[in-house]
Amino acid sequence: MYGAVPLAQIKGKLLQLKEAGQLDKVKMLLLTNCTFDGLVYNVERIMEEILAIKPDMIFLWDEAWFAFAGFNYTYKQRTGMYVANKLHEKYKSKSYREAYEHHIEKMENGQIPTMPDPDLVRIRVYATQSTHKTLSSFRQGSMIHIWDEDFQRKTENTFLEAYMTHTSTSPNYQMLASLDVGRRQVQFEGFELVERSIEIAMILRARINDTPQLSKYFDVLTVHDFIPDQFRQTGLKEYYDKKSGWNRMEEAWEKDEFVLDPTKLTLHIGRTGLDGDTFKNKYLMDKFHIQINKTSRNSVLFLTNIGTTNGSVTYLTNALLKIADELDAKVDALDQREKTIHRNRINSLTVNVPPLPDFSYFHPSFKVIPGVPGGNLRAAFFLAYDENNYEYIPLVECLPEMKKGKVLVASSFVIPYPPGFPVLVPGQVVSEEIIEFLLALDVSEIHGYRADLGLRVFKDSVLNRQKTKTSIGAMTNIKKTKSIINV
């Protein structure tokens, strides 16, 4: 599972761009909050510290799985719209101006402020929510929420033009009506419904953890499994345990850099000896007609929402008990050789899992400005439209070729599913870790990769030609910067 992005990494990139005189080119920060797996950012801290570096930054929060969060106080303090309103009022206050001036006075030479300048800061926040995923509406019903001080002056015309380009002048009124009904529902009883969904999530966690037959094969992963200690300032490790029951999470949700949404339950199934895809299709769907959205090599993800009932929890618990009983019977029937194979399989799902590779770097051919992070993804993507610009290399031949000194540069997105996250993007240099990860994967679906042909990479001649163009473009940018400085 890929996690969220630490604030220190985001700030580090912005400060690099600032030092290179390129900060003005950064227009917007896009982050997914909360993630599919339930990781939630500290939205207020991120916005404040980023606005201290770039006071006109636009924030786009992808809250596809977080539409319900506005109807519970603990949750809503980590939503884009709530924080936008809070900061707007805060920065207008006399007390904040006094605090900012005191902060500036205390700063040492070269120190970077962590508070935005009230005379320069602009609150520009957008949030997209898939209403149909966690509230009530027809399939694909979704909303865009806007808190933008400069919307009417800077954005309205282009925003509406883009909106009309990508939607329709003949809207689906049934879908719009369902959004109205869903909005009315949560207006009247949203708090109760969301509280109930959290409570049911805790009940399900408790049943799995406290039932010996279930805990024998399954673990519900919790906060300390997902979030490293340095990002949990309060030290909260569990929302539930057998001794203390349901721990209160309010303080963690107020202070920690990252928290876990308890309505997202990741069930670790490594000890069953089954991979996530097999567990989903062969057992949950075929035998019990239980539909889930996400699997990994050794886990499946359950979600509770405002429509989940106690009956749903009971049905799922009983299904897991029957699966555990069936696994017991299968293991008992194995001979000694088969048991060894079974133990090795469990070991591969619990201990020897392939590590998720980090992003390597963009090839110099697709660098916009030398020494500045980021790359020209657009140029690499469209360069691959011409089939003469790329070639295929079988995956098993990649490492030998790289050891000979050949640099492989991806010409397409390569996305194993699950987890459904790109390990390569156009213009990215292929690392040994990425190839080793792809070789170790046992998933059948890898978008952007053809098993019969291999990995699609740019030809060396194309990279050399592109590198020359990039160098000329970089020199032009440097000359323009010098001209501006001279003026």
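What fraction of the DSSP beta bridges in segment 7-167 is antiparallel, stated in percent and rounded to the nearest 5?
Of the beta bridges lying entirely in segment 7-167, close to 40 percent run antiparallel.
Residue farthest toward the positive end of the dipole of the chain, with Cβ of Lys/Arg at +1 and Asp/Glu at -1: which of LEU179, THR32, TYR392?
TYR392
Hey, got the dipole for segment 180-302? About the Cα centre, +1 on K and R Cβ, -1 on D and E Cβ, debye to the nearest 20?
I would put it at about 560 debye.
Considering Cα pairs under 8 angstrom that are at least six residues apart, work out the relative contact order of the chain and quote it in whole percent.
Working: 710 pairs, mean separation 58.6, N = 487.
The value is 12 percent.
What order do you get for LYS403, LYS243, LYS13 when you list them from fewest to most C-beta neighbours inside 10 Å?
Final ranking by Cβ density, sparse to dense: LYS243, LYS403, LYS13.
Decide, for segment 364-430, between rounded, prolate and oblate: order the square roots of the alpha carbon gyration tensor eigenvalues as a ≥ b ≥ c, take rounded if a/c falls under 1.5, and otherwise choose prolate if a/b is larger than b/c, else oblate.
Since a/c stays below 1.5, the shape of segment 364-430 is classed as rounded.
Choose one of LEU274, LEU438, GLY70: the residue whose Cα lies farthest towards the positive end of the charge dipole of the chain (beta-carbon charges +1 Lys, Arg; -1 Asp, Glu; about the Cα centre).
After comparing all options, I get LEU438.
What is segment 314-448's relative contact order, in percent, from Cα pairs under 8 angstrom and six or more apart in sequence?
After rounding, I find 24 percent.
Does segment 232-367 classify as rounded, prolate or oblate by the C-alpha gyration tensor (a ≥ b ≥ c root eigenvalues; a/c under 1.5 gives rounded; else a/b over b/c gives prolate, otherwise oblate)?
The shape class here is oblate.
How do THR263, THR309, THR32, THR134 line up, fewest other C-beta atoms within 10 Å first? Don't skip to the end; give the middle numbers.
On the way: THR263 26, THR309 11, THR32 18, THR134 22.
Listed from fewest to most nearby Cβ atoms, that is THR309, THR32, THR134, THR263.
Only Lys, Arg, Asp and Glu count, each charged at its Cβ (+1, +1, -1, -1), so figure out the dipole size of the chain about its Cα centre, rounded to 20 debye. Write down the numbers at each step before the final one.
On the way: 60 positive and 60 negative charges, 168 e Å.
So the magnitude is around 800 debye.
What shape does the chain take by its C-alpha gyration tensor, where a ≥ b ≥ c are the square roots of the eigenvalues and a/c under 1.5 counts as rounded, a/b above b/c as prolate, and the rest as oblate?
Oblate.
Would you work out the charge dipole size for segment 7-167 about its Cα centre, treating the Cβ of every Lys and Arg as +1 and the Cβ of every Asp and Glu as -1, and quote it to the nearest 20 debye?
320 debye
What ranking do ARG124, ARG450 get, fewest neighbouring Cβ atoms within 10 angstrom at the top?
Least crowded to most crowded, the residues run ARG450, ARG124.
Coordinate-derived values only; no laboratory data. Predicted, not measured: the structure shown is a model, and the values here were computed from it. No Cβ is skipped: glycine too gets one built from the backbone with ideal geometry, and neighbour counts run over all protein chains shown.
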